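Working notes, structure below.
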Amino acid sequence: MAADENGNDLKAVSIPLTGFAAVDFAGTAGFLAPEVGGAWPLILPTGYEKLGLFKVDGGPQDSSETEDAIEFFQDGYKMAGASTMTVQVNLAQFDANVRRLTTGKTPDANGMIVVTQATPDNTFPFVTVTAFKNGAKLVRSGMSRVSAVERDQETRGEVNGRATTFEWVYDETIGGYYREWLIAGSSEG
């Protein structure tokens, strides 16, 4: 269906169905090349590791904040504050990759880690993918760091997720915070 007489097109509505996030802990794979991010099926470069299942309401959630503007004594003069762009996913799996991501440590042979800081201080290439009901896919690739991890309260019978906030890091290599591809869906169904 194309747009109706009012310009509305149900096929252009984004209804998320699934997706994933992946990180390159070593930083060796780098960003997705322009021709790779726009191809489907997406083939991640060697070095990326997927972060597993998200909670049902835990798909990528974008946010941006700007610090307060700097105002001057003279009326009408101000400078914009620095901005931060983030994406949060609520990770359902709790495995070695998620532990490494949220603590900055790799579990030893006994599964033990020693947590030394609240949020790991590491930066790595990051990819998010969301697939929509209309067949479209949204792919993002850039440099990020974990800026916050909020664990769900442990509730009997419910998934104990980790709402993990990734701060996109401006990178001169790509000329911005991230590269974004919107791969068109089918015109059917």
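Cα-based Rg (one decimal) and Dmax (whole number) for segment 132-180, in Å?
Expressed in Å, the Cα Rg and Dmax of segment 132-180 come to 15.7, 46.
Leaving ligands, DNA and RNA out of it, work out the accessible area of Thr116 with a 1.4 Å probe and give it in Å² to the nearest 10.
For Thr116, solvent-accessible area is about 90 Å².
Given 25 °C and 0.890 mPa s, how large is the Stokes-Einstein diffusion coefficient of the chain in µm²/s, with Rh as the Kirkwood radius over Cα pairs? Please list the in-between numbers first.
Details: Rh = 18.6 Å.
Once the numbers are plugged in, D ends up at 132 µm²/s.
Which shape class applies to segment 1-93: rounded if a/c is under 1.5, otherwise prolate when a/b exceeds b/c and oblate if not, where a ≥ b ≥ c are the square roots of the Cα gyration tensor eigenvalues?
Note, shape of segment 1-93 comes out oblate.
What relative contact order, as a whole-number percentage, does segment 91-189 give when Cα pairs under 8 Å and 6 or more residues apart are counted?
On the way: 170 pairs, mean separation 25.4, N = 99.
For segment 91-189, the relative contact order is 26 percent.
With every protein chain present, what accessible area does Asp121 have (1.4 Å probe, heavy atoms only), rounded to the nearest 10 Å²?
130
Can you show me the helix-derived [θ] at 222 nm for the chain, built from DSSP H runs with n ≥ 4 at -39,500 (n - 2.57) apiece and divided by the number of residues, rounded to the nearest 500. Kindly include the intermediate steps, with their values, before the conclusion.
Working: 2 runs with 12 residues, N = 189.
Computed ellipticity for the chain at 222 nm equals -1500 deg cm²/dmol.
Mind ranking Tyr77, Tyr48 by accessible surface for me, highest first, 1.4 Å probe?
Values: Tyr77 145, Tyr48 25 Å².
Highest to lowest solvent-accessible surface, that is Tyr77, Tyr48.
According to the Kirkwood expression over distinct Cα-Cα pairs, how big is the hydrodynamic radius of segment 59-155, in Å? Mind dumping the intermediate values first?
Details: mean 1/r = 0.0595 Å⁻¹.
Here the Kirkwood hydrodynamic radius works out to 16.8 Å.
Among 147-155, 31-39, 132-140, how do they line up by average Cβ neighbours within 10 Å per residue, starting with the highest?
Working: 147-155: 11.7, 31-39: 15.6, 132-140: 19.0.
For the peptides 147-155, 31-39, 132-140, the packing ranking is 132-140, 31-39, 147-155.
Hey, any idea what % of the chain's accessible area is carbon plus sulfur with a 1.4 Å probe? Please list the in-between numbers first.
Details: 5840 of 11690 Å².
C and S atoms contribute 50 percent here.
Taking the Cα of Asp95, stepping 7 Å toward and past its beta carbon, and measuring to each backbone N in segment 6-32: which are under 16 Å?
Under 16 Å, as judged by backbone N against the label point of Asp95, lie 19-25 of segment 6-32.
Cα-based count: Lys pairs in the chain below 19 Å, eight or more positions apart or different chains? Let's see the in-between values first.
Working: Lys11/Lys133; Lys11/Lys137; Lys50/Lys105; Lys50/Lys137; Lys55/Lys133.
Summing the qualifying lysine pairs gives 5.
The values are calculated or read from the model by the stated rules, or taken from the named source; none is laboratory data. Since we're looking at a predicted model, the values are computed, not measured. Positions of Cβ are backbone-derived with ideal geometry, glycine not excepted, and every protein chain shown enters the neighbour counts. Calculation scope for accessible area: heavy atoms of the full protein, side chains included, ligands and nucleic acids excluded. Shrake-Rupley method; radii C 1.70, N 1.55, O 1.52, S 1.80 Å.
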